[in-house]
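First comes the structure, then the notes that go with it.
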Amino acid sequence: MDPAFGLVKKRQLPKLMACMTQNSIENFRNKALFSLDTIDAKGIRRRKLPLHECLILELRESGFFETSDYLQNLIYDNIQILAQDDIGIVIDIREKENFLEHICAGLQKAERERDKDNKKKECLEFLKLAMYYSEMGKGILWLAEKFFLASIAVGSHYLVDGGRQKACCKYHYASFLLDKFPDADPEESFEIFTEVRDSAIGKDWVLFEDESEIKDDVPNSVFAATVLQLHRVLLQKARMIRNEDPAKSERLSRLAERRAKDATDTPKIAEAIIEIGISQLTMNNLNNALRTFKKAFKIYSESKDIHGMCETNMHLAAVMQKIGDNEAAAKYLTEMGALAMEHGLRKHLGRALHLLGELHLRRERPDLGTQHLAEAFTCFMGYLVQDVGKKEGSTLKNTAILPTDLDVIYESDETEKFVEEAEQSRVMMAVSRGQELMASYFNQIKDAGSCVVAVIKIIEWKLSKAGWWVDQDHHRLIPCSCSVHHRSPLDVLRFQLPPSFVDDYNMESHSEGFSLLNRTSTTENIQTLRSSYIRM
């Protein structure tokens, strides 16, 4: 019944569903059954057990007993490493299903090649696994090292090629240790590279058989690639011990130079020569260091390597500065800055400006040092400084403008910032500016004997740290009889008069006050002024 009108509403018919016959219901049931996923014994096991246990059982059931045992040993080693990991960086491969599947597939391929007695392909399968997991992050490097050692062990039994495959595996393993553990002692890598070099002398072994694996920065020769890595290790060891034992550092650098000559790599030769010169400079052997750096500069000049020329000029300036020839040091640094600016090398330009600033600071010219260090900071940070001579309508992409006359032309949207170098320049700029103010403070103390304003500035600095190098407005109101200021108390009074009062005075007013203020140029006028006041 409708409560508003008291009428009985008509009953609504229920919604009818489509009638289904017994045959249609049976067809629907069969279709639903066939659409269900089929789960065999393998699928049921994977639902009930962890994946690594399932994989170990499946490998045994498929006949890959060695692969199953190897995977079980890897998981056991992983558990031991996890127990010793204090920072939580090691990856648990039991939780990485994609890693487990990939490892099992690679190990099965290796075992198939072993069954065929194909040692080379078995070794390559382990090497592929090692190279793959060496690029997967720090937490999985332990697994890559396992596969590297396995590939070396298998390659040791393949002697048909004279030991080339074993040498390649050892080269990749030593490179892995050197690249992924830069803070570790490179002695182990050095020994492995030395062994590979000794076995590859006089042999034309190629490092990569597949052309797609050849890298531009690595020569496709086992001997050449190995001696370049030895050059790298020797220079690394030389830099590590340069401060403690510069003589040994020089010997290692000379050995690195010979390794670079074995590979006929000119830039590497020059790099080793520069390291020899730095070691000689550390030992204060200045004449030999000068000849060494000039030799490196000649090599870089012949190869037109601008980076190397800039770096060598920097070291030559350091030698000349130690000798005491500051003019020659400034000349080398200026040439370095000119080369860098000509070729758009902002980092080298900033270094040249920074070193010029430090040189002027040591020569007790902090005014020039502050300017160069400010320009170095500008250059390192990539700020674009607008030239004064440009039109007002011209705009620059970077809006940061520092108080310097340097006009650096780098108009890229994403300018790289050398923050660490810029911070060093900023600190040295503050030191240089402090040296400037220190000289100004000494001059202020010297002037304080005869200047009242200088005395007031020093007192204000001591009491409230107000800068003595800044002229405040109230300093104009301090009477001072020194040769610089030459202000009497009445001059100060005249400064404080309102402008209208001064204008009336300039119109030659004959009032008594103006006549009194006008008679203050000499001592007699002051006495007359005093006597006139007494009469009043």
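What the table below lists for this structure:
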{"item": "Sole exception among (1) within 30 Å of the chain's Cα centre (by Cα); (2) in a loop (DSSP other than H, G, I, E, B) for residue 171, by number", "result": "(2)"}
{"item": "Flag if residue 302 is outside any loop (DSSP other than H, G, I, E, B) and over 25 Å from the mean Cα position of the chain (by Cα)", "result": "yes"}
{"item": "Residue check for residue 192: touching a helix residue (DSSP H, G or I) at 6+ places or on another chain (Cβ under 7 Å), touching a residue at least 12 places away in the same chain (Cβ under 8 Å) and of a type in the set (Val, Ile, Thr)", "result": "yes"}
{"item": "Subset of region 333-373 (residues that are at pLDDT 85 or above, more than 23 Å from residue 306 (Cβ to Cβ) and open to solvent by less than 20 Å² (accessible area, probe 1.4 Å))", "result": "373"}
{"item": "Count of region 177-218 residues which are at pLDDT 85 or above, farther than 21 Å from residue 236 by Cβ and not in a loop (DSSP other than H, G, I, E, B)", "result": "2"}
{"item": "Filter result (of a type in the set (A, V, I, L, M, F, W, C) and either part of a loop (DSSP other than H, G, I, E, B) or under 27 Å from the mean Cα position of the chain (by Cα) (or both)) within region 132-168", "result": "136, 140, 141, 159, 160"}
{"item": "Residues that are among the small types (Gly, Ala, Ser), in contact with a His (Cβ under 9 Å, 6 or more places away or on another chain) and over 15 Å from residue 237 (Cβ atoms), drawn from region 261-297", "result": "263, 277, 289, 296"}
{"item": "Residue list for region 238-253, filter: part of a helix (DSSP H, G or I) and either within 14 Å of residue 285 (Cβ to Cβ) or open to solvent by less than 100 Å² (accessible area, probe 1.4 Å) (or both)", "result": "238, 246, 247, 248, 249, 250, 251, 252, 253"}
{"item": "Search result, residues across region 130-173 that are among the aliphatic types (A, V, I, L, M), closer than 25 Å to residue 118 by Cα and crowded, with 18+ Cβ neighbours inside 10 Å", "result": "130, 143, 144, 150, 152, 154, 167"}
{"item": "In region 80-129, the residues that are within 36 Å of the chain's Cα centre (by Cα), under 21 Å from residue 170 (Cα atoms) and surrounded by fewer than 16 Cβ atoms within 10 Å (Cβ to Cβ)", "result": "128"}
{"item": "Qualifying residue in region 44-59 (condition: farther than 30 Å from residue 111 by Cβ, modelled with pLDDT under 75 and either surrounded by 10 or more Cβ atoms within 10 Å (Cβ to Cβ) or of a type in the set (Asp, Glu) (or both))", "result": "no"}
{"item": "Residue 182 open to solvent by less than 20 Å² (accessible area, probe 1.4 Å) and over 19 Å from residue 152 (Cα atoms)", "result": "no"}
{"item": "Residue in region 222-241 that is of a type in the set (Gly, Ala, Ser), within 27 Å of the chain's Cα centre (by Cα) and under 28 Å from residue 353 (Cβ atoms) present", "result": "no"}
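The values are calculated or read from the model by the stated rules, or taken from the named source; none is laboratory data. Here the structure is a predicted model, which is why all the values come from computation and not from measurement. Virtual Cβ from ideal backbone geometry, glycine too; neighbours counted across all protein chains shown. Areas reflect the complete protein model, heavy atoms only, side chains present, ligands, DNA and RNA absent. Shrake-Rupley method; radii C 1.70, N 1.55, O 1.52, S 1.80 Å.
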